[in-house]
Amino acid sequence: MTEVGITSLILIIANIFCSVQGLNDRHSFKRNTFRISEFLFKKDYKRLVTSGFFHVSWLHLVLNLASLCFFSGGIELQLGGARYLLIYFAGLVGGNLFALFVHRNHGDYSTAGATGAITGIIFATIALFPGFEIGFLGIRFPIPAWFYGFLYVLFSIYGIKSKTDNIGHEANLAGGLTGLLVAVLMQPMAVTNNYLAILALAIPSMFFIFIIINRPRFILITNKFLNRYDKDLTVEIVQPAEPLDHQQEIDLILEKIHQHGIGSLTKKEKEKLDYYSRIIQ
């Protein structure tokens, strides 16, 4: 199940082409990443898809494409190119829409990368072929795909809670669940035949997504080891592509007050609100 099909090869080439362009041209990168402000105010809906072809680093790109190569072949051959693409893009869009919902009041939030789509492929593969075994770098100690998926869920949960990197793990979980759901709809018998593997992925993922939505403060803890890198990552990845005009910034702040109260504003947001109120006066 490690053969790379033609559809996967096209996706790999597209990811490499766009990512190389974005890594060498930051304006191109910023025009295509998924940014809440651009999506909500400028209605730039194409970013739901284009963001999945741009990566924040070479390591990010290599890890994603390696995972895609490893998991894509069998499911593409089994389902065909069209259904395979449906799972891929369903995972990508599903993950980004979940990120939009979670961060709808965070106008400066952005994300990039194909991880949601690839997680969708991984979860779909496990749902349909739970007995598929994984070997790493030629090591002869393969593990079942379902167990790999379960470990991946735990890793994503840890990534959300510890904030050890700048990857949107919550969107990855949502993308994985979306891919799993689409695969099961395509092959309903998988529910009966592979229900243990499906539950091993779905239950912890759904539970933690529920926590993200209803108890967001519970998932946030400080990772002191990486605090010294936070500012660099934030400047590189989550700054708006273009400065918002005054009215857009005011609207974002007022919407946040409406949703969560004035106490939810950061010090910087309060300073901006005070500054704009003085300008208007």
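Just a few scattered comments:
- Highest average packing first - 171-178, 69-76, Cβ atoms within 10 Å: 171-178, 69-76
- Cβ-based exposure ranking for Val102, Val153, Val191, Val56, in which fewest neighbours within 10 Å come first: Val191, Val102, Val56, Val153
- Computed extension length for Asn24-Lys267: 84.0 nm, one decimal, from 0.36 nm per residue of separation with the Cα-Cα distance subtracted.
- Look at Phe210, Phe155, Phe29 and count the other Cβ atoms within 10 Å of each Cβ; fewest to most, that gives Phe210, Phe155, Phe29.
- Pairwise label distance in nanometres, Leu63 with Ile143, each label 7 Å out on the Cα-Cβ vector: 1.5 nm
- Shape of segment 33-95 from the C-alpha gyration tensor: oblate (a/c of 1.5 or more and a/b not above b/c, with a ≥ b ≥ c the square roots of its eigenvalues).
- Segment Leu154-Ile13, length gained on full extension (0.36 nm per residue, minus Cα span): 47.8 nm
- By other beta-carbon atoms within 10 Å, ranking Ile209, Ile122, Ile6 with the fewest at the front produces Ile6, Ile209, Ile122.
Read-outs: derived from the displayed coordinates by stated rules, not from any lab. Note that the structure is predicted; figures quoted are calculated from it, not measured. Note that we place each Cβ from the backbone using ideal geometry, even for glycine, and neighbour counts take in every protein chain shown.
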